[in-house]
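Input: a single structure, listed below in structure tokens.
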Amino acid sequence: MSMSVQIVSAKSELFQKVRALRSRYIGDNPASEESFSDTEAIRDTDSYHMAYLDGNEIVGAIRITPLGHGISFVERVVNVGHYFAHPMDSFDANRLVLDEKYRGGLHLRFFLLQTAIWLKANTQFRYISALCRGRLAALYVDIGGHVLADDITWTNRQSSRDYSLVYLELETVFNTIKGKVAHG
């Protein structure tokens, strides 16, 4: 088992495997957004995609979407300016998926730690937003996040879903996960 993390271009063949993994675990349009295909294409083009690989097989992925441009789902649901004083220094962590066989602390921690290392070395981001549900909110709190609001409702013509908005600092995430990895 040779685990690695790699940035994946939205135009690459590997990205199609990322999309397939996302679709399998969270569906193609999990929030039932209108005009989803066009919006999602813009998000995918303007975001960073980190893939977690076992050899050549993609077993996990996360999308890093810059805030301040109005393209992320969180910016459609809440006024991020109320929560993030400097949105351009922030990104939205979204579309986090991990194959069932790799779930559990060790793989997820390694993947998130390597993602944080890459982001610290290659971007100017300092803050993270995550609009998420249930267990994912708890995961983000476990790695140093703070729930800013837990009563956010997204309603469209078809359904209604409740979310929590979690705030994280990239440096805290890095240090927290690094400490957890070091101590097993």
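All of the numbers you see were taken from the coordinates with simple rules; none came from a lab. Source: prediction; values computed, not measured. Here the Cβ is made from the backbone with ideal geometry for all residues, glycine too, and neighbour counts use every protein chain on show.
Among HIS49, HIS183, a tally of other beta-carbon atoms within 10 Å of each Cβ gives an order, fewest to most, of HIS183, HIS49.
With a cut-off of 15 Å between beta carbons, the residues surrounding ARG109 carry a summed charge of +2, where Lys and Arg count +1 and Asp and Glu -1. Using θ = phi - 60° in the Karplus curve 6.51 cos²θ - 1.76 cosθ + 1.60, the 3J(HN,Hα) couplings for the range 128-140 round to 10, 10, 9, 9, 8, 10, x, 4, 5, 4, 4, 4, 5 Hz; x is entered for Gly and Pro.
Of all lysines in the structure, the ones whose alpha carbon falls short of 27 Å from that of LYS180, not counting any fewer than 8 places away in one chain, are LYS101, LYS120.
Listed values for the range 104-110 are Karplus-derived 3J(HN,Hα) couplings in whole Hz (6.51 cos²θ - 1.76 cosθ + 1.60, θ = phi - 60°), namely x, x, 4, 5, 4, 4, 4, and x replaces Gly and Pro. Magnitude of the charge dipole for the range 3-182, about its Cα centre and with charges confined to Cβ atoms of Lys, Arg (+1) and Asp, Glu (-1), is about 420 debye. Residues of the range 120-136 falling in the label zone of GLU169, defined by backbone nitrogen less than 11 Å from a point 7 Å along Cα to beta-carbon, are 127.
When TYR52, TYR167 are sorted by how many other C-beta atoms sit within 10 angstrom of their C-beta, beginning with the fewest, the order is TYR167, TYR52.
Would you mind calculating the gained length between ARG161 and PHE36 on full extension (0.36 nm times residue separation, minus the Cα-Cα distance), in nm to one decimal?
43.4 nm
Proximity of backbone amide H atoms, modeled 1.01 Å from N, is registered between LEU67 and SER90, PHE91, ASP92 at under 5 Å, excluding neighbours fewer than 5 places apart on the same chain.
Taking a ≥ b ≥ c as the square roots of the Cα gyration tensor eigenvalues, the range 3-182 comes out rounded, since a/c falls below 1.5. Of all DSSP-defined beta bridges confined to the chain, some 90% are antiparallel rather than parallel. Placing a label point 7 Å from the Cα of ALA138 along the Cα-to-Cβ direction, the residues of the range 144-184 whose backbone N falls under 20 Å of that point are 144-152, 162-168, 177, 180-181.
Ordered by the count of other Cβ atoms within 10 Å of each Cβ, fewest first, PHE174, PHE84, PHE36 give PHE36, PHE174, PHE84. Dividing the convex hull volume of the alpha carbon atoms of the range 131-184 by its residue count gives 73 Å³ per residue.
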